[in-house]
Amino acid sequence: MRVLEQTDLAKDVESFTEGILKNVGKKGSLVSGGQRKRIAIARALYTDAEILFIDGITDQVDRETEVHMISQMMSEFEGILFTTTNSRQLAQQVEI
């Protein structure tokens, strides 16, 4: 649940008839682009990786989700994160 909250997927999972067991299809074809991105990030966070490389960490998500993800990940992720971004929100909170 912690990872679902970090990636703002908890409400999405609740809306799926199958819940956490939802089949997302081949290459995530049965979910939106933003959900696909957040699922990939959730999988990486779930493994407790020490280093994450994420291209466009908040691409394809709305502003509210972006703010939520960034605040959650910045406060809880203890590893090293390499990312590309156009997000001013994220740029303001990171060390360069």
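The values are calculated or read from the model by the stated rules, or taken from the named source; none is laboratory data. The structure presented is a predicted model; accordingly, all values stated were derived computationally and were not measured. Every residue, glycine among them, receives a Cβ derived from its backbone with ideal geometry; neighbour counts consider all protein chains shown. To get the accessible areas, we keep the full protein, side chains included, count just its heavy atoms, and leave off ligands, DNA and RNA. Shrake-Rupley method; radii C 1.70, N 1.55, O 1.52, S 1.80 Å.
Which log10 I(q)/I(0) values, to two decimals, does the chain give at q = 0.20 Å⁻¹ under the Debye formula with one point per Cα?
Taken in order of the listed q values, log10 I(q)/I(0) reads -1.01.
Can you give the accessible area of residue 30 in Å² (nearest 10), computed on protein heavy atoms with a 1.4 Å probe?
110 Å²
What does a probe at residue 10 reach in the stretch 60-84, counting residues whose amide N is under 16 Å from the point 7 Å along Cα→Cβ?
Within reach of a label on residue 10, which here means backbone N under 16 Å from a point 7 Å along Cα→Cβ, the stretch 60-84 contributes 65-77.
Which sequence of 1, 74, 69 reflects their accessible areas, 1.4 Å probe, from the largest down?
1, 74, 69
How charged is the neighbourhood of residue 40? Take every other residue with its Cβ under 12 Å from the Cβ of residue 40, and add Lys/Arg as +1 and Asp/Glu as -1.
+3
Taking the dipole about the Cα centre of the chain, with the C-beta of Lys and Arg at +1 and of Asp and Glu at -1, give me whichever of 9, 56, 32 is farthest to the positive side.
Most positive-ward Cα: 32.
Quote the charge dipole size of the chain about the Cα centre in Debye, to the nearest 20; the model charges only the Cβ of Lys and Arg (+1) and of Asp and Glu (-1).
So the magnitude is around 440 debye.
When ranked by the protection proxy of mean other Cβ atoms within 10 Å per residue, highest first, what sequence do the peptides 16-24, 53-61 form? Show your work: numbers first, answer last.
Details: 16-24: 10.7, 53-61: 16.4.
Top to bottom by mean Cβ count within 10 Å: 53-61, 16-24.
Rounded, prolate or oblate: pick one for the stretch 25-65, where a ≥ b ≥ c are the square roots of the eigenvalues of its C-alpha gyration tensor, a/c under 1.5 means rounded, and failing that, prolate if a/b is larger than b/c, else oblate.
oblate
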